[in-house]
Amino acid sequence: MIDHAEYLKDESRLSGAAEAVLFPQSAEELAALLKEGRPVTFQGARTGIMGAAVPTAGRAVNLTALSGATALGQDEKGFWIDVLPGTLLCDLRAALRRREFDTARWSDASKAALKSLPAGLDFLPDPTEETASLGGMFMTNAGGPSSLSCGRTAEHVLAVGGLFASGESFALARGQCQIDGAGRCALPGGQTLQLPACPGLLLPLCPAPGQDLVDLLSGSEGMLAAVTSLRLRLSARPKVRWSVVFFFDGPQGAAAFADGALAMRPAWEGCDLLSLEYLDERSLGLFCSLRRTQSRLQVLPDLPEGARAAVMAGLGGAEESSVEEALGALLECFVEAGGQEEDTWAADTPDEIEKFQLLRHAVPEGANAVVDQNRQKEPALHKLTADVSFPNAPLCGLLPELLGLVEESGLDGALFGHLGGRHFHLNLLPRDRAGLERAEALCEEVCRRSLARGGSPAAENGVGKTKRALLARLLPADVLAAMRAVKQAFDPQGVLNPGNFF
Ligand SMILES: Cc1cc2nc3c(=O)[nH]c(=O)nc-3n(C[C@H](O)[C@H](O)[C@H](O)COP(=O)(O)OP(=O)(O)OC[C@H]3O[C@@H](n4cnc5c(N)ncnc54)[C@H](O)[C@@H]3O)c2cc1C
């Protein structure tokens, strides 16, 4: 029996309303639904944290029944796989690891490709939440720690199959449709859309000359079309990998270390910094609290005494010697930044590396657990996430600035994120209504600072419903008008995902 109330929520903890929750079993069924012309909110696995999959009107259309791989093949750049949008990242990864798929409906060519599929190929983008669906990952252009080395989801998408708001289907290969200098974009069906000029902001729904239509659709949070299939590039992970967690007695050391690591990265030969993640003191505290109640987290050691900040570094390369050389350089940098060698965790096997990811993943999970607890006293409370980037800002200045803002506010807040892109998820966890107001003000201030420095106030998790009022206040009127015009061009009746963005 399906608990429909569950489908009115996502990981933002917002709760919406819908006339019905529907689970189409095929793209044709979905097309028939769209042809009725009534408002719909698409859902993947509902792990999004901005409320983008939370319905506010019309019907919730959950696409997780459209799941599985449908074809496999190879081109001059390597292997690709076709998946339905509701396929979960964890399921795709498990099938690739085992090289076992349900091939009953595969063509002979796909079956033959499976026989020659090398071990170790994977879909690399990783929002840390492996239960996300591939359709949701595309529609949020999910990033995550690995984005430092492999970019975000859209960069690994070769083609998209989907449905426009009218229910008409399309098949779109990367490189097939691009926006020209005058803002024109020819759609796969032959129709040409006139899109507005959009000042180059790092935000979804902002078209730019030369932009591929695949990239305009990615990150659009289901506002422009439905995705019914994706062709994904499969890639190999580096042969030699290390994951090291460096613990510090405060943020200054962590910032000096991270600035040093990023500065030395370009000089490394045969080794790359795959990820560089920051966890502040409150983030470590959230991990410790969750670890007390969740046995799966007890596979990780106790944190070193006095640990008040951590930087998790992933390193990879083809040869052990080059990776170990880079590791040595990182250790020197750690000691120069005031760290002690014994205050590190290090792993070089896939299982151990995966274990370390539990630390990073436990932080947003722990934040959500606190929100749930606070909501028992005050149901109106929710988490506020300033998901912001500050391109190229030195971390020695940026980290103390952001942490100082949280401290001044007196709010419960955890700062963590991807140091390579200077991209932070500041999670604010208000305890009462007054705190909620202060959290909203702080979130706005941090987003304002990010925009003023050429960054993005919706850098990775999207806009959804939780950030729409804030963006309406922060963005210049011409940018908002341009975004609306993009929406209008694709969805003139405004039936797709009403309430997201606008
Ligand atoms: C603990 C935790 C950690 C996280 N860490 C990260 C992180 O580091 N980086 C990151 O980027 N994200 C992160 N996320 C957010 C989340 O996992 C991603 O946004 C993910 O891509 C959402 O996928 P989903 O299947 O859950 O999509 P949903 O939440 O169901 O939907 C997201 C959006 O996509 C639309 N959509 C979904 N499927 C379709 C479709 N087939 N057609 C059209 N529109 C569709 C929905 O309408 C909605 O607008 C985290 C989440 C959690 C809970």
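The values are calculated or read from the model by the stated rules, or taken from the named source; none is laboratory data. A quick note: this is a predicted structure, and the numbers were derived from the prediction, not measured. Cβ placement follows ideal geometry from the backbone for every residue including glycine, while neighbour counts extend to all protein chains displayed. The accessibility values were calculated without ligands, DNA or RNA, using every heavy atom of the protein model including side chains. Shrake-Rupley method; radii C 1.70, N 1.55, O 1.52, S 1.80 Å.
Classified by the C-alpha gyration tensor, segment 398-502 has a prolate form. Its axis ratio a/c, with a ≥ b ≥ c, is 1.5 or above, and a/b is larger than b/c. With helices as the sole contributors, the chain gives -10500 deg cm²/dmol at 222 nm; each DSSP H run of n ≥ 4 counts as -39500 (n - 2.57), and the sum is divided by every residue. Rounded to whole numbers, the Karplus 3J(HN,Hα) couplings from phi for segment 80-85 are 10, 9, 9, 10, 7, x Hz, using 6.51 cos²θ - 1.76 cosθ + 1.60 with θ = phi - 60°, and x at Gly and Pro.
Across segment 7-93, the mean sequence separation of Cα contacts (distance under 8 Å, 6 or more residues apart), normalised by length, yields a relative contact order of 31 percent. Karplus-based coupling profile of segment 300-308, in residue order and whole Hz: 8, x, 5, 5, x, 4, x, 5, 10, with θ = phi - 60° in 6.51 cos²θ - 1.76 cosθ + 1.60 and x standing for Gly or Pro.
I want the local charge near Glu378. Using Cβ-Cβ distances under 9 Å, sum +1 for each Lys or Arg and -1 for each Asp or Glu among the other residues. Net local charge, Glu378 excluded: +3.
In whole Å, what is the distance between the alpha-carbon centres of segment 243-313 and segment 75-119? Cα centroid to Cα centroid, the span is 34 Å. Checking the cross-link pairs Lys9/Lys487; Lys35/Lys467; Lys115/Lys239; Lys355/Lys465; Lys111/Lys355 against a 26 Å limit on the alpha carbon distance flags Lys35/Lys467; Lys355/Lys465; Lys111/Lys355 as lying beyond it. When the solvent-accessible area of segment 240-452 is split by element, carbon and sulfur atoms take up 47 percent of it, the probe being 1.4 Å. How many nm is it between the label spots at Gln488 and Ala186, if each spot is 7 Å from the Cα in line with the beta carbon? Placing both labels 7 Å along Cα→Cβ, they lie 2.6 nm apart. Taking a ≥ b ≥ c as the square roots of the Cα gyration tensor eigenvalues, segment 371-442 comes out prolate, since a/c reaches at least 1.5 and a/b is larger than b/c.
Shape of segment 93-146 from its Cα gyration tensor (a ≥ b ≥ c, root eigenvalues): rounded if a/c is under 1.5, otherwise prolate when a/b > b/c, or oblate? Prolate shape, in that a/c is at least 1.5 and a/b is the bigger ratio.
Can you compute the modelled spin-label distance between Gln252 and Gln294, with each label point 7 Å from Cα toward Cβ, in nm? Going from the Gln252 label point to the Gln294 one covers 3.4 nm. Packing, as the average of other Cβ atoms within 10 Å across residues, places the peptides 309-321, 105-117 in the order 309-321, 105-117, highest first. Only aspartates and glutamates eight or more places from Lys383 in sequence, or on another chain, were considered; those with a Cα closer than 13 Å are Asp10, Glu11, Glu365, Asp372, Asp412, Asp432, Glu437, Glu440. By the beta carbon rule, with partners counted only under 4.7 Å, the chain holds these lone Cys residues: Cys90, Cys150, Cys177, Cys185, Cys271, Cys288, Cys333, Cys396, Cys443, Cys447. Each Lys or Arg adds one and each Asp or Glu takes one away; over the other residues whose Cβ falls under 15 Å from the Cβ of Leu415, this sums to -4. The gain in end-to-end length when the Glu332 to Gln373 segment is fully stretched comes to 10.6 nm, 0.36 nm per residue minus the alpha carbon separation.
At a probe radius of 1.4 angstrom, the accessible area of the chain per residue rounds to 41 square angstrom.
For segment 154-233, the share of accessible area belonging to carbon and sulfur comes to 52 percent (1.4 Å probe, ligands and nucleic acids excluded). Subtracting the Cα-Cα distance from 0.36 nm times the residue separation, let me have the gained length for Cys90 to Glu320 in nm, one decimal. Taking 0.36 nm per residue and subtracting the Cα distance, the gain is 80.0 nm. Residues whose amide H lies under 5 Å from that of Gly250, counting only those 5 or more places away or on a different chain, are Arg308, Ala309; hydrogens are built 1.01 Å from N in the peptide plane. Positive contributions from Lys and Arg (+1) and negative ones from Asp and Glu (-1), summed over other residues with Cβ under 14 Å from the Cβ of Pro498, come out at +3. Using R₀ = 56 Å, calculate the FRET efficiency as 1/(1 + (r/R₀)^6) where r is the Cβ-Cβ separation of Arg433 and Ser166; round to 0.05. About 0.80, to the nearest 0.05. In order along segment 430-443, the Karplus-derived 3J(HN,Hα) couplings, from 6.51 cos²θ - 1.76 cosθ + 1.60 at θ = phi - 60°, round to x, 9, 8, 5, 5, x, 4, 5, 5, 5, 4, 5, 5, 4 Hz, and Gly and Pro are given as x.
Summary of the geometry: segment 423-502 and segment 1-54, compared by the centres of their Cα atoms, lie 21 Å apart.
If you take every DSSP beta bridge whose two residues both sit in the chain, what share of them, in percent to the nearest 5, is antiparallel? The antiparallel fraction comes to roughly 90 percent. Relative contact order of segment 370-502, taken over Cα pairs closer than 8 Å and 6 or more residues apart, is 28 percent.
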